[in-house]
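These notes are about the structure you will find just below.
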């Protein structure tokens, strides 16, 4: 299907009318439109329609880690921030997984009806099933929907493993630096 020259001109004219937000606040707001779970976000603290994070919670996490890990110097403080970032982003993985499971569990009643139609009770209606049969069907459907679908689960697991490796490396490096620093101080 070819686009006529007249249609091309019309499209160009219409495109000029759609210029997006003008203010910095509007640009900041629209930049968060596509954020669903925040796993791949460049921003550390998200404030989107789908995920609102509290900066004070993050700062409390950093302060708690600073007390616990007692960093000294720029490098050790940077490693503590890396640890905090990994923990903070790991929370998003759990939130994303929970949201996916909840979304799947919302469809339990329709899944039960489908199972009734496909099950060995094919000759029975929903009203003819015993309470035990219905309970078993619901458990089957809940079990089936309690795990995120394969693609989502794989991506979440991959992201979580990457964060865990980064966390482990940062802690290992921090402990090694602190060990050498304390050994020098003891001399």
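Brief remarks on what is shown
- Each label was represented as a point 7 Å from its Cα along the Cα-to-Cβ direction; for residue 150 and residue 75 these points are 4.6 nm apart.
- Chain lengthening between residue 46 and residue 94 when straightened (0.36 nm per residue, less Cα-Cα): 15.7 nm
- In terms of other Cβ atoms within 10 Å, 181, 2 run from fewest to most in the order 2, 181.
- Projecting label points 7 angstrom from Cα along Cα→Cβ for residue 186 and residue 2 puts them 8.4 nm apart.
- Projected label distance in nm at residue 169 and residue 15, using a 7 Å step from Cα toward the beta-carbon: 4.1
A short reminder: the numbers here are calculations on the coordinates, not readings from a lab. The structure presented is a predicted model; accordingly, all values stated were derived computationally and were not measured. Don't worry about glycine lacking a Cβ; one is built from the backbone with ideal geometry, like all the others, and counts go over all protein chains shown.
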